[in-house]
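Below you'll find the structure, written out as structure tokens, and then a few comments.
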Amino acid sequence: MKLYITTPSPFARKVRIVAREKGVAVEEIAVDPYGDAPELAAANPIVQVPTLIARDGLPLTDSPVICEYLDAVGSGPRLLPIDGEDRLRVRRIETLANGALEMGVKWVLEKRRPESERSPSWIARWSENMARSLDALEATDPSADDWHIGTLTAGVAMTWMNFRHPEFDTATGRPKLVALQTALEKRQSFIDTYPA
């Protein structure tokens with residue numbers, strides 16, 4: 001299987017971590033989605049990472065979809081429960097963390113615009129939404145002992161925000177998320193995929 005990535009992408013990192021945790025071998029191919037990498041464009045018409053070429057040769061896009069696939073075909077305990085209330089609980093946590101990351105990516109893209117074209121009101125909105133998402137994640141009592149796709153994504157989000165937005169305070173008032181991040185960043189899958 002082939003996985004198209006960029007090493008700074010938190011969504012690609014999430015998939016890379018799941019592949020390692022589940023023992024699924026994938027060939028990681030670094031591409032430039034902003035340069036419309038032809039091999040990525042052929043697999044994913046919106047030219048986004050991550051994109052996985054699955055065992056059947058068809059592309060999978062969107063990190064939750066790819067992670068669910070890898071979770072199903074890999075070995076070891078499930079990162080996403082198959083059904084029931086626990087599945088919804090885990091999906092809710094994953095969705096909150098993904099939402100925080102989406103706000104952070106929008107902020108990154110805004111920073112890349114010429115300063116005269118940047119929107120202070122949008123930057124403020126995205127940073128407020130990131131803060132609210134992190135506060136909601138903190139309220140879920142995240143713990144490295146409760147290992148699933150939601151806590152994995154929350155850990156990825158904390159590290160990525162510190163990497164891309166060092167001016168944004170992720171820690172104050174969020175001791176459980178800080179502890180989660182600290183614990184998860186010691187796992188080999190996290191060490192191997194640290195954003196660069």
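By a 1.4 Å probe calculation restricted to protein chains, E138 has an accessible surface near 20 Å², given to the nearest 10.
Taking only the alpha carbons of the stretch 1-47, we obtain Rg and Dmax values of 10.9, 31 Å in that order.
Putting +1 on Lys and Arg Cβ atoms and -1 on Asp and Glu Cβ atoms, find which of N162, P142, L152 reaches farthest to the positive end of the dipole of the stretch 122-163. Final value for the positive-end residue is N162.
Considering helices alone, the calculated mean residue ellipticity of the chain at 222 nm is -17500 deg cm²/dmol, with DSSP H runs of length four and up weighted by -39500 (n - 2.57) and normalised per residue.
Between the amide H of A37 and those of D32, distances stay under 5 Å, these residues lying 5 or more places away or on another chain, with hydrogens modeled in the peptide plane. The largest accessible area among Y4, Y69, Y34, Y194 belongs to the first residue in Y34, Y194, Y69, Y4, and the rest follow in falling order (1.4 Å probe, all chains).
Ordering of 5-12, 83-90, 122-129 by packing is 5-12, 122-129, 83-90, highest average first (other Cβ atoms within 10 Å, averaged per residue). For the cross-link pairs K2/K22; K111/K186; K111/K176; K22/K106; K22/K186; K2/K176, the ones whose C-alpha atoms lie over 26 Å apart are K111/K186; K111/K176; K22/K106; K2/K176.
Both radii were evaluated on the Cα set of the chain; the Rg over Rh quotient, with Rh as the Kirkwood radius, amounts to 0.96. Under a 5 Å amide H cut-off, with hydrogens placed 1.01 Å from N, I29 pairs with L3, Y4, I5 among residues at least 5 apart or on other chains. Taking every C-alpha pair closer than 8 Å and separated by at least 6 residues, the mean separation divided by the residue count of the chain gives a relative contact order of 23 percent.
For L60, nonlocal amide neighbours, meaning residues 5 or more places apart or on other chains whose placed amide H falls under 5 Å from its own, are L52, I53, A54. With the whole protein complex present, M1 retains an accessible surface near 50 Å², based on a 1.4 Å probe.
Counting only protein heavy atoms and using a 1.4 Å probe, the accessible area of K14 comes to about 0 Å².
For the chain, the membrane-span-like helix rule (DSSP H, alpha carbon extent of at least 18 Å along the helix axis, mean Kyte-Doolittle at least 0.0) picks out 149-164; this says nothing about an actual membrane.
The values are calculated or read from the model by the stated rules, or taken from the named source; none is laboratory data. Keep in mind it's a predicted model, so treat the numbers as computed, not measured. No Cβ is skipped: glycine too gets one built from the backbone with ideal geometry, and neighbour counts run over all protein chains shown. Ligands, DNA and RNA are excluded from the accessible area calculation, which covers all protein heavy atoms including side chains. Shrake-Rupley method; radii C 1.70, N 1.55, O 1.52, S 1.80 Å.
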